[in-house]
Amino acid sequence: MKTCCLIALFAVGLVGMPASGQHLPESERAEEGPSVPPPLVSVPDDVVETPALASPPVSPARTRRYRRGAHIPLGILLGGGGMLVGGMAGAYLGSSVTGCNDGSSCERETGLTLSLGVGMALGVASGVYLTGQWLGGEGGFGYTLLGAALGAVPSALMLSSDSDDVAVLGGLGLLVTPFVGALFGFGLSHSATVRESLSQAVVVPTLGRTRDGSLVTGLAGRF
């Protein structure tokens, strides 16, 4: 009887020893050594990458096409209205500065004609720039104004010449050269902006799935 009891106690002890090892305190588990991280897995070659929802800040697909053919007539139309308003404002300001608003005749005063040319250039540039932006252009207002001023100011200064022929030529030039300069400046700045946007690097996050169904994320770029 005693022999049977000893054998039963010995069997219970053998079964309980592996189970008791699972309840070791944390301090004793730490002495066993750090856990080994799993090995790195290389990305398989059959991953199909698809662009994620995020889009690059600058992308040619997001740029609306610039309708250059429609910009010329509409820019002249709106710029003509701006020239009228700007010319009137420039003439009033110039006459106030030079003292020509007291009834004295000073049509060929240099200060008056210069103020007239600057006002016309500002009005034409505003009309051409706003029309170009509405038609999808990316030209800069500074270059548009510079082109309009290079066309308007010299022609306006010709109005102050003592020669009637030169003054008439300057008046005719005011009807053409500001528009040519403004459209030319807007077109050059638009082309420069488009080239710069195309040359920038585009990086987008990608999300792909392998043949066995695993997801793989990464970055895709154009440089």
Residue identified as open to solvent by 60 Å² or more (accessible area, probe 1.4 Å), of a type in the set (A, V, I, L, M) and closer than 28 Å to TYR66 by Cβ among LEU135, LEU175, LEU157: LEU175
Check SER115, SER126 and return the single one that is of a type outside the set (D, E, K, R), part of a helix (DSSP H, G or I), open to solvent by 10 Å² or more (accessible area, probe 1.4 Å) and modelled with pLDDT of 95 or more. SER126
Looking at GLY132, GLY90 in this structure, which one is closer than 14 Å to PHE184 by Cα and at pLDDT below 95? GLY132
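The values are calculated or read from the model by the stated rules, or taken from the named source; none is laboratory data. All of these numbers come straight from a predicted model, not from anything done at the bench. Every residue, glycine among them, receives a Cβ derived from its backbone with ideal geometry; neighbour counts consider all protein chains shown. Please note that ligands, DNA and RNA were not included when accessible areas were found on the heavy atoms of the full protein model with its side chains. Shrake-Rupley method; radii C 1.70, N 1.55, O 1.52, S 1.80 Å.
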